[in-house]
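The values are calculated or read from the model by the stated rules, or taken from the named source; none is laboratory data. Computed from a predicted structure; not experimentally measured. So basically every Cβ, Gly included, is an ideal-geometry build from the backbone, and we count neighbours across all protein chains shown. The protein model used for the area step is the full one, side chains on, heavy atoms only, and it has no ligands, DNA or RNA in it. Shrake-Rupley method; radii C 1.70, N 1.55, O 1.52, S 1.80 Å.
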Amino acid sequence: MFVNMDPVFDTPDFPEQVDVVVIGGGILGTCATYELARRGISVALLEKGLIGCEQSSRNWGWVRQQNRALFELPLAMHSLSRWEAFSQEIGRDVGFRRSGIVYTTDSQESLDKWEAWGRQAREQGFIGQMLSAAEAHERAPGTTSRWLGGVWSPTDGRAEPAMACPAIAQGAQDHGAHVHQNCAVRGLDLTAGRVSGVWTERGLIRTSSVICAGGAWSSRFCRRHGVDLPSANIMGTAIQTTAAPEVTPGCLTTPKLALRRRLDGSYTLAMPGLGRVEISPQGLRYATRFYSAYRSKLAKKLQIRLGRSFFSGPEAAGRWEFDQISPFERQRILDPMPDMALARATLAALHAEYPALKGVHLARAWAGMIDTTPDLVPVISPIDAIPGFTVASGCSGHGFGIGPAAGQLAADIATDATPMVDPSPYHLSRFSDGSRIRQPEMM
């Protein structure tokens, strides 16, 4: 296993029928399940592996509003209030601390983009502050780079990925939710074109509503039912240091390094934007949708190569029947190998930026698959062609922070409740009907 997470024990009885089935035990799936259960709605959360075992426990642990796509900002702002409420509501610590987030830069272009973004974000109620060169050094003490300035969002925070999903899933169980691990959903049962159940490896569960929150696997699941969900899975590498002196109480991003102070006194580190993409049938299928992204500055930091994804896993081709073993059972947990050269470069970047931390070592490294949409905005959407089917996926590396609100919005859509925010920016149809609006770059 990737990390030692708090164990989640399966609900003893396997349901024959529920109001809603949630596919995927990551942050979106657990939050959707929790919100449904506390409303008194019968819900089953089905996870092919273990709760929180893929990207939701492998991310940086940032809970931020700063520099989000403006379409995501309402989700980010609402999520912060939910993150703060979780520990009291469920009686378990999710590791959330409202400790602020700092970005520093030596680029005037970045400062101009942040200032333009901030003007629009403040109209939505965001609280943030542009930093002068002196203020940037004050907010990032001990760094060796010469900063032109930065941004500071005091209301942002951080949480512990390994703690969050298990705690939220257990909170859902306290409200009566069914939670079943090592139980893959093979597909939807349809009656007259509408959802009437799900076929699992343990049999059929009757339901009229399904939320697919399968992360990197969502697109392949959707394709099995003729639904196009444009998605590219980017493999990112992160590391944890040994215990270290506190140089920042929260999160800090520089052009070459992102770091988060962990509750155990170590740091989670990564190099922003760096990762790899494997050539795959799914990638080729949606290549034209990602053309603009591939030409962007961010894409220039990605390594593109042929790997195992072409033949197996969430991006491979192939069809299966619902009475046969599915791809979701053949690979219970995505656990890609980290890029150790990148891991060592990340630690070296820490030592270069913080001479006081030269004695800090690499404790471990890991990789995760980040499901990404062409416009880097999630899909949280009913599927018009299949009434009763809702997709909540494609968070593009932002899912952990916005997970509580994204899960709540998915729960609203799945039960025809009044949406907690305007859902139109997240509708899947934006990729096919020309309604997608291009937003200015933030980074």
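The figures follow:
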{"quantity": "Scope the stretch 7-32; condition among the small types (G, A, S), part of a loop (DSSP other than H, G, I, E, B) and either free of Cβ contacts under 8 Å to residues at least 12 places away in the same chain or closer than 23 Å to E84 by Cβ (or both); matching residues", "calculated": "G25, G26"}
{"quantity": "Wholly within the stretch 229-345, strands (runs of 3 or more DSSP E) carrying at least 1 residues that are open to solvent by less than 80 Å² (accessible area, probe 1.4 Å), modelled with pLDDT under 90 and of a type in the set (D, E, K, R)", "calculated": "275-279"}
{"quantity": "All positions within the stretch 201-228 that are in a loop (DSSP other than H, G, I, E, B) and on the phi > 0 side of the Ramachandran plot", "calculated": "G226"}
{"quantity": "Among the candidates A406, A356, A410, residue that is touching a Gly at 6+ places or on another chain (Cβ under 9 Å), at pLDDT below 95 and in a helix (DSSP H, G or I)", "calculated": "A356"}
{"quantity": "Odd one out for L376 among (1) surrounded by fewer than 21 Cβ atoms within 10 Å (Cβ to Cβ); (2) among the hydrophobic types (A, V, I, L, M, F, W, C); (3) at pLDDT 95 or above", "calculated": "(3)"}
{"quantity": "Top-ranked residue of the stretch 191-206 - restricted to ones that are under 26 Å from P378 (Cα atoms) and touching a Pro at 6+ places or on another chain (Cβ under 9 Å), ranked as least open to solvent (accessible area, probe 1.4 Å)", "calculated": "V195"}
{"quantity": "Residue check for Q173: open to solvent by 30 Å² or more (accessible area, probe 1.4 Å), in contact with a strand residue (DSSP E or B) (Cβ under 6 Å, 6 or more places away or on another chain), touching a residue at least 12 places away in the same chain (Cβ under 8 Å) and not in a loop (DSSP other than H, G, I, E, B)", "calculated": "yes"}
{"quantity": "Per-region count, the stretch 115-129, residues in contact (Cβ under 8 Å) with a residue 40 or more places away in the chain and surrounded by 12 or more Cβ atoms within 10 Å (Cβ to Cβ)", "calculated": "7"}
{"quantity": "Every pair of residues 6+ apart whose Cβ atoms lie under 8 Å, when the first sits in the stretch 66-91 and is in contact (Cβ under 8 Å) with a residue 12 or more places away in the chain and surrounded by 20 or more Cβ atoms within 10 Å (Cβ to Cβ) while the second is of a type in the set (D, E, K, R) and assigned to a helix (DSSP H, G or I)", "calculated": "I90/D174"}
{"quantity": "Unmet requirement for C183, which otherwise passes all of (1) of a type outside the set (S, T, N, Q); (2) in a loop (DSSP other than H, G, I, E, B); (3) over 30 Å from T288 (Cα atoms); (4) more than 24 Å from the chain's Cα centre (by Cα)", "calculated": "(4)"}
